[in-house]
Amino acid sequence: MRPHPAPARQWRVPPALPALKLTGSVALLALALLLDGGDLVRLALAVLMAAALAGWATRDLVAPVRMAVDPDGITVIQGFAGHRRLPWSAVEKVTVDRHTRRGLTGEMLEIDAGESLHLFGRHDLGADPAEVAEALHEARPH
């Protein structure tokens, strides 16, 4: 009898993040309307930036799951809201890139699948990239 595979695990955008982006979009629009001073170029740029921020928030709402893992491989987000399946045989390396700039340290989870490289930050995963990398290493069949 074959043992049951480990359940799939998912990492998603924290729920507060799209709400914050939408609030910022509305605040940017309100501020632009309040302070436009008749300058249509400034207003148009503010509207464009608010729309981009709202689009970014929409992506978080439409496709909140950025990555999932199971015994057969990893599913990653691709494009605006699509997903791509990476079987374990296609995954060459899973690493965490740590960099320090201006006194701040940042971490990115890197999934190298040969012809494609997938990068995820803490806000994409809702978790520490090093912990996610460890979970991926544990889920990968040996």
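Any residue at all in the range 68-83 that's in contact with a helix residue (DSSP H, G or I) (Cβ under 9 Å, 6 or more places away or on another chain), surrounded by 14 or more Cβ atoms within 10 Å (Cβ to Cβ) and without any contact (Cβ under 8 Å) to a residue 12 or more places away in the chain? No; the residues of the range 68-83 include none that is in contact with a helix residue (DSSP H, G or I) (Cβ under 9 Å, 6 or more places away or on another chain), surrounded by 14 or more Cβ atoms within 10 Å (Cβ to Cβ) and without any contact (Cβ under 8 Å) to a residue 12 or more places away in the chain.
Exactly one residue out of Leu61, Leu48 is under 26 Å from Gly121 (Cβ atoms), touching a Pro at 6+ places or on another chain (Cβ under 6 Å) and not aromatic (Phe, Trp, Tyr), and it is Leu61. Residues in the range 117-142 that are of a type outside the set (Lys, Arg) and over 16 Å from the mean Cα position of the chain (by Cα): 8 in all. All of (1) assigned to a strand (DSSP E or B); (2) within 21 Å of Pro141 (Cβ to Cβ); (3) without any contact (Cβ under 8 Å) to a residue 24 or more places away in the chain hold for Ser89 with one exception: (1).
Every number here is computed from the coordinates shown, using simple stated rules; none is lab data. Predicted, not measured: the structure shown is a model, and the values here were computed from it. Using ideal geometry, Cβ is built from the backbone for each residue, glycine included, and neighbour counts are taken over all protein chains shown.
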